[in-house]
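These notes concern the structure reproduced below.
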Amino acid sequence: MATFFGEVVVAPSRAGLDEEEEAREETPEDREIRREIEKKREVDVLWTGSCAQQPLVCSRFIVAIGRNAAAFLSSFILDSVCWEVVGVVKLWNEWCRTSSTTNVLPTDSFCLFYRLISDPTVLLCQCSCYVAEDQQFQWLEKVFGSMQKKGLQVTILSTCPVADYKTQESTLTLVSPFLKALKTKEFQEPVCCPLLEQPNIVRDLPAAVLSYCQVWQIPAVLYQCYTDVIKLDTVTIEAFKPLLSSKVLKSLAKDASESTKVLKKFLTTSETHNNIYI
């Protein structure tokens, strides 16, 4: 290029620099740092009691991903009498850190596994923590790698911002929250809501679980709740209630009055915890 005075100079360019940087050999210090980061980001699944003896025989596996989906199971399915904690996931990433503790608050990041005492082949997972993209394969391999895939059926619950829903109509006219379903080819039972239309897609761990089931030919269905609320919310939690009529959850549902009490207590605990930071 030419300067103001007409002098011709070479313009600075980064062309080729990226290739040179990639070609640069990794130093021992670089390798050590990379190994430490990879080790820190490992996903550990810790099973307790008889579940430590694998593979687990599982007929129904219910996975709730996200705080509202997890809260739905706590309110309408789980209780300390019929269910027992049998496992926990430990992971760390930029967004969350979980531990091996099973005493958690609704606002905590956690991933716990429960087993139905009267039927040990029924497993349930509450995953309120964020599983990063590079950790999803580990999560899938270590969770599903612990189970026998023969005779297994998977039900996934998750939430998603209504702004991500693609439709010819304005999203402002949509009555949210609402449910949409996506299933594998092997899932032959009726679904409890309309199927998700193209070109909509699902992301993150819910998509990874459903894709895994598709590859391994496991009957699976994903129920995604589109909502305009990102925090714990009664309306969003109750949007999953139609699923209580499904074949998988119908026999597991608690008494309606008891569920309402648990839900109110659940949200009160959450609000009290959040108010500490106001």
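Data overview
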| read-out | value |
| --- | --- |
| Electrostatic dipole magnitude of the stretch 72-138 [Cβ: Lys, Arg +1; Asp, Glu -1; Cα centre; debye, to 20] | 120 debye |
| Local electrostatic count at PRO219 - Lys and Arg +1, Asp and Glu -1, tallied over other residues with Cβ under 15 Å | +4 |
| Dipole of the stretch 58-163, positive direction: furthest Cα of GLN138, VAL122, THR155, with charges on the beta-carbon | VAL122 |
| Residue-span extension gain [LYS150 to GLN53] - 0.36 nm each, minus C-alpha spacing | 33.2 nm |
| Relative contact order (percent, whole number), the stretch 131-253, Cα cutoff 8 Å, 6+ residue spacing | 36 percent |
| Accessible surface of the stretch 71-170 [probe 1.4 Å, protein heavy atoms]: carbon and sulfur percent | 50 percent |
| Neighbourhood net charge (15 Å Cβ-Cβ; Lys/Arg +1, Asp/Glu -1) for LEU249 | 0 |
| Nitroxide proxy distance, nm - points 7 Å out along Cα→Cβ at LYS185 and GLU42 | 3.7 nm |
| Rounded to the nearest 20 debye, dipole of the stretch 162-222 from Cβ charges on Lys, Arg, Asp, Glu | 60 debye |
| Entries in LYS180/LYS247; LYS166/LYS247; LYS90/LYS254 that, when Cα-Cα distance is taken, lie over 24 Å | LYS166/LYS247; LYS90/LYS254 |
| Solvent-accessible area per residue for the stretch 64-158 (1.4 angstrom probe, square angstrom) | 39 Å² |
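The values are calculated or read from the model by the stated rules, or taken from the named source; none is laboratory data. No experiment lies behind these values; they were computed from the predicted model shown. Neighbour counts run over all protein chains shown; Cβ positions are idealised from the backbone, glycine included. Just the protein is used for accessible areas: all its heavy atoms, side chains included, with ligands, DNA and RNA removed. Shrake-Rupley method; radii C 1.70, N 1.55, O 1.52, S 1.80 Å.
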